[in-house]
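The values are calculated or read from the model by the stated rules, or taken from the named source; none is laboratory data. In this text, all values refer to a predicted model and were calculated from it rather than measured experimentally. Reconstructed Cβ throughout: ideal geometry from the backbone, glycine too, with neighbour counts over all protein chains shown. Heads up: the accessible areas ignore ligands, DNA and RNA and are worked out on the full protein's heavy atoms, side chains in. Shrake-Rupley method; radii C 1.70, N 1.55, O 1.52, S 1.80 Å.
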Amino acid sequence: MTPYRELSREQLQAMKAELEKQFEEVKAKGLNLDMSRGKPSKEQLNLAMGMMEELKSTDKLKCEAGIDCRNYGLLEGIPEARRLLGEMTEVVPEHIIIFGNSSLSVMFDTVSRSMTHGVCGSTPWCKLDKVKFLCPVPGYDRHFRITEYFGIEMINVPMTPAGPDMDIVEELVSKDPAIKGIWCVPKYSNPQGITYSAETVKRFARLKPAAEDFRIYWDNAYCIHHLYEDHQDILLEILEECEKAGNPDMVYKFISTSKVSFPGSGIAAVAASPKNLAEIKKHMAVQTIGHDKINQLRHVRFFGGIVGMHKHMKKHAELLRPKFEAVENTLEREISGAEIGTWTKPKGGYFISFDSMDGCAKAIVAKAAEAGVKMTEAGATYPYGIDPHDSNIRIAPSFPTLDELQLATEIFVLSVKLVSIDKLLEEK
């Protein structure tokens with residue numbers, strides 16, 4: 001395909017006229033298609049429906065520890081749930097605490113606790129003149145909303161194919177004691193689907209922060225969310241690497257079963273060093289008498305162990321893989337070589353990251369919406385919703401049916417072409 005920039009003004013105008021005709025035909029259909037968030041489809045949710053049959057009123061609802069799961073007790077979660085989620089995130093059960101249904105709420109609480117009470121005896125952040133966080137970009141919008149909510153200054157760090165630019169991370173963290181944390185989605189990152197390299201993980205573990213209360217917020221949301229059985233990314237285990245590097249307390253590792261079982265009714269956890277866990281439990285003991293042990297027991301009995309969880313995730317992959325490939329194949333067929341966009345081809349996770357020509361992302365998302373395709377707001381993958389290049393768009397293939405997704409992707413491509421042509425015509 002000839003790059004659009006090499007086409008004459010007349011050729012671009014002729015192409016635009018034809019594309020606008022196609023766009024008006026699609027628009028007239030009154031479609032309502034949603035590619036805005038990484039929500040599991042109905043078919044994916046149905047995979048875990050057997051969990052609803054796991055516990056009956058006639059069952060004995062005691063966990064391994066002999067505690068009745070209907071009653072108070074076991075602040076840190078039932079032993080078998082700690083073991084299951086520990087295996088899921090590659091840590092021993094003693095290094096994990098089970099929470100409620102959302103890892104996002106655990107992250108929010110962790111930042112909130114740091115604001116009001118500090119980190120392991122350090123000055124509460126609310127008493128400091130300035131608190132800063134590093135934010136690999138493009139990144140997860142809900143991470144950024146947490147730090148923005150607390151008035152924490154966010155600093156962009158560019159992503160590379162190996163993870164965040166560690167030269168920048170090392171320099172900033174070592175020099176500025178106001179930098180208290182960094183957001184990370186280390187495996188199949190949101191939105192690019194990048195997995196941090198072994199060297200990147202080791203460099204994280206060897207950081208020498210100026211702030212004693214600096215923490216890495218390691219959101220391992222997609223740790224077992226592979227698309228391909230024989231083509232998976234491998235991520236080094238961060239807690240072990242921090243221990244080796246003499247920095248055992250530097251990381252909080254968050255996980256959940258939100259996209260494994262039910263997003264609204266899963267179980268979440270944090271893994272950390274004994275010192276960090278003791279601090280977390282001290283505050284939890286005031287906040288709650290314990291999280292939902294019945295739901296923990298239900299998950300353990302349904303999956304049976306990590307092998308059962310991996311088998312379950314293969315079923316998810318069988319539903320997701322054709323959707324990712326449909327998007328990638330359409331982009332390849334329609335705009336490869338046109339030099340009006342690039343995109344990632346992840347091996348797992350929930351998103352494809354698309355980069356348009358600079359200054360086009362907002363217009364593309366608005367154009368797609370005009371034709372009935374809802375996408376994540378342009379700029380959402382950057383702190384404060386400000387993409388300095390106005391180029392990144394997050395594509396979420398999971399929720400629509402395959403037919404809906406194919407149509408939505410074709411409309412998206414149509415929008416990319418039209419907006420790009422307008423941009424080039426302005427330049428000419």
Q | Every residue from region 26-49 that is assigned to a helix (DSSP H, G or I) and modelled with pLDDT under 95 | A | VAL26, LYS27
Q | Flag if PHE412 is crowded, with 24+ Cβ neighbours inside 10 Å and closer than 14 Å to MET35 by Cβ | A | yes
Q.
Every residue in region 360-385 that is open to solvent by less than 20 Å² (accessible area, probe 1.4 Å), part of a loop (DSSP other than H, G, I, E, B) and over 18 Å from PRO397 (Cα atoms), please.
A. CYS360, GLY379
Q: Please name all residue pairs, on different chains or six or more residues apart, with Cβ atoms under 7 Å, provided the first residue is in region 386-404 and is crowded, with 22+ Cβ neighbours inside 10 Å and modelled with pLDDT of 95 or more and the second residue is of a type in the set (Phe, Trp, Tyr) and not in a loop (DSSP other than H, G, I, E, B).
A: ILE393/PHE354; ILE395/PHE354; PRO397/PHE324
Q: Collect the residues in region 315-359 that are touching a residue at least 60 places away in the same chain (Cβ under 8 Å), of a type in the set (D, E, K, R) and either open to solvent by less than 50 Å² (accessible area, probe 1.4 Å) or not in a helix (DSSP H, G or I) (or both), keeping them in residue-number order.
A: LYS323, GLU339, LYS345, LYS347
(Q) Out of everything in region 121-167 that is closer than 22 Å to ALA211 by Cα, among the hydroxyl-bearing types (Ser, Thr, Tyr) and in a loop (DSSP other than H, G, I, E, B), what residue ends up being least open to solvent (accessible area, probe 1.4 Å)? (A) SER122
Q) Is there a residue being assigned to a loop (DSSP other than H, G, I, E, B) and within 18 Å of the chain's Cα centre (by Cα) anywhere in region 267-286? A) yes
